[in-house]
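Written below as structure tokens is the structure these notes are about.
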Amino acid sequence: MGSKLVKTTSSVGGVALALWPAVLVAQGEMYPFTFAFDVNALVILILLSILVLMFFLAIWLLHRIEAIKHVGGVKRSEGRDAKYGRYIQQLDAYQIDRLITAIRKKRVAKRKRGSGALRNVPLVILFSAISITAMGQPLDGDKVIGTLWGEAGIIITIALLLIPILAGFFIMVGKASRVLRQYRQKMQSEEAEAFADYLRHVEDENTEGELLERKQALDYRLTNTELSGTETAADRMGIINIRERSGLPFVAVKKKAQKRPNIDPKLSKLIVWYLVAATFWLLFGTTVGQYLGIKFVAPDIDQLSWLSFGRLRPVHTNMVFWGWASLGMLGLGYYVVPRVSNVGISSLKKGWYSFYLINAAVVLGTLSLMAGINNGGGEYREYIWPIMALFGIGLIITLLNFLQTVAKRTTREIYISNWYIISAVIFALVITIVAYVPWWQDGLGETIIQGYYMHQGVGMWFMLFMLGVVYYLLPQQLNRPIYSYSLGILAFWTQILFYTVIGTHHFVFSAIPWWLQTVAIVGSVGMVIPVAAGTANFLMTFKGAWYKIRDSYTLPFFLIGIIFYFTGSLQGTAEAFRYTNLLWHFTDFTVAHSHLTMYGIISFFLWAGIYALVPRLTGREAPQSTVGAHFWLALIGLMFYTVPLMYGSTLKGMMWMDGKPFIDSVSMMMPYWLWRAIGGSLMWLSHLFFAYNMYKMLVVDRALDIRESAIQQVAKDDNKTN
């Protein structure tokens, strides 16, 4: 009942969230949208959010309680003999053998039968109802109330009061969950003890005969010759033409999947820590991004300098770039590089050094940006150079580690994944050095370097690295080789050729030399070659295996990443043309495009790799329902985020080209910014599901096996007797 209620509530909430803008439009309240900051509305929104959170937590606790009630209900509904008879029928052959041995020992010893009664198992349902009652006298006059709500001190006081209340509520939920879990284990232990007591008094020969018959049934195995016999096939009458060892078998022999060697536990630990840290930075960074999206519809939500848009925006971008995407990629890389080289990683210590340095860079960079200490003006390079040096040193250590691993490979060729991954690390170091060395950072030189750094960071670090990971994990998940090694090599070299010259297409119609702008546009068009080659290679690898998508929760992530790789990359080509650049540049279209690529390509590929790899390391699968929720919320949220921004930005650019007042374009964008906030909220919610899935793949809640526990207790009693 609880799970159904959660599904129904989630569905209703999703529909209501999606239809909210349409309702506002119907009421005539959507356009124009006001920038006025309504404190009362904010307070109501916060209280509603808290109530919704408490509601879902209460449903979760109810679900746990229902599970315990189910255990107790089964105990009450079944009779003693029927219940324990069902347990006996579920014993395996090994458990039956141990039970028969215990019975025979008792018969030989001629022990008296006991007549002890079963223990009464108490059933206690723990549930607490929390009611919050607000008491107080209303103030006379809306003016006084409005004045109080508008005071910063009142708002800060309310916020400070909410912090311990929410903290206490979460602590209470955690303790209640722990009590429920302990009580469930206690009930299962008591049930196992009662079953053991029942088994202690099962000594008659009829029961032993039934157990032996059950054991024989469990031990029975087919010989696979029941319908064919063991005689050699022969046709003395010459009716059937038998051709043994023919070179043309009727059914092609399938190559069996090779048994994968066990992963070094120390390497598994290193990879898991990279992925856990990446997950943390994803949650933290997108929470900041969620807050920034809210600022578009409520710009006066705070007055703190550390939370200003100008400081939080680079915090968001750098955190998801260097924290989430970079650490996630390196974690997958530490699995792929040694695997395709057929050797162990060269140095685990170097992997940990890189892990510490990169995380330190993100922590220090976040604090410095929020404090107003930044590099000044360089997009995606807002970290000051001493902090970015930590990141660079971490990459140098990683590069040496990967190169030493590939140098020790046992295969003659270097698989294409290592081509992409090692080249990506090299390019990341090159663009970081070029961007931070001050010798050419003056005037137009700095602008050209900014375009180079910004675009190469996306295309030659994130994209190149993730393509290398996909070239290994996609064939592995499909259990078939990559369609064409040659297409992969073509895509590799053409991406290096064209992508390295397209950075200045961000500055068309600027003071940069016209020929340099033209070269960037031509290079952008040339990117059609590697994108088309890579996309065709991946999609043709699916050929003959499309049916596997239905039964896989990793392949849909791979497929969406491939689709966005094609559409997002070619959209970048379309943006590079002079007219479209004039129309879209400096609008929110570039924001939508960056999310379509970094989120739609890199993040979806990362999730696909993590869902494919972590179960191999831990042996635990994520719940398929929450993986599905993660997938659909992320995809739908991305569409809600990008499509309205693209449409609204096109109208915005046309208004600028027509010479309309700037403030008119701002007012016009408000509905699309609301859609941006809705889409961002869905994306952020999907990350909570992803974090939960990571938890389920790393931590397991072991339930007590009642049958095995009872057998162990009976065997222990016999050992003590003997």
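The values are calculated or read from the model by the stated rules, or taken from the named source; none is laboratory data. This is a predicted model, so every value here is computed, not measured. Every residue, glycine among them, receives a Cβ derived from its backbone with ideal geometry; neighbour counts consider all protein chains shown. Areas reflect the complete protein model, heavy atoms only, side chains present, ligands, DNA and RNA absent. Shrake-Rupley method; radii C 1.70, N 1.55, O 1.52, S 1.80 Å.
Quick look at the numbers
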{"item": "Charge context of His455, other residues only, Cβ under 13 angstrom, K/R +1, D/E -1", "result": "-1"}
{"item": "Extended-chain gain in nm, criterion 0.36 nm per residue less alpha-carbon gap, Asp442 and Thr567", "result": "41.4 nm"}
{"item": "Cα shape, segment 539-592, gyration tensor, a/c 1.5 rule", "result": "prolate"}
{"item": "Rounded to the nearest 10 Å², the accessible area of Phe492 at probe 1.4 Å", "result": "10 Å²"}
{"item": "Average accessible area per residue (Å²) across segment 392-538 - probe 1.4 Å, nucleic acids and ligands excluded", "result": "39 Å²"}
{"item": "Computed lengthening from Phe577 to Ala536, 0.36 nm per intervening residue step minus Cα-Cα distance", "result": "12.3 nm"}
{"item": "Filter on Lys295/Lys696; Lys186/Lys696; Lys215/Lys696; Lys186/Lys269 - keep pairs with C-alpha separation over 30 Å", "result": "Lys295/Lys696; Lys215/Lys696; Lys186/Lys269"}
{"item": "14 Å reach of a label modelled at Ser510, 7 Å along Cα-to-Cβ, counting backbone N of segment 424-453", "result": "441-453"}
{"item": "Most to least accessible of Glu413, Glu208, Glu708 (protein chains only, probe 1.4 Å)", "result": "Glu413, Glu708, Glu208"}
{"item": "Karplus 3J(HN,Hα) series, Hz, for segment 420-428 with 6.51 cos²θ - 1.76 cosθ + 1.60 (x for Gly, Pro)", "result": "5, 5, 5, 4, 4, 5, 4, 5, 4"}
{"item": "Probe 1.4 Å, protein heavy atoms only - accessible area per residue of segment 549-611 in square angstrom", "result": "31 Å²"}
{"item": "Neighbourhood charge, 12 Å Cβ-Cβ cut-off, centred on Gly372 and excluding it, Lys, Arg +1 and Asp, Glu -1", "result": "0"}
{"item": "Largest to smallest accessible area among Trp607, Trp632 [probe 1.4 Å]", "result": "Trp632, Trp607"}
{"item": "Global form of segment 326-438, assessed from the alpha-carbon gyration tensor, a/c cut-off 1.5", "result": "prolate"}
{"item": "Accessible area of segment 337-434 belonging to carbon and sulfur atoms, whole % at 1.4 Å probe", "result": "68 percent"}
{"item": "Theoretical FRET efficiency, 1/(1+(r/R0)^6), r = Cβ-Cβ of Leu47 and Leu307, R0 30 Å, to 0.05", "result": "0.90"}
{"item": "Net +/- balance of residues flanking Gly289 in space, Cβ distance below 11 Å, scoring K and R +1, D and E -1", "result": "+3"}
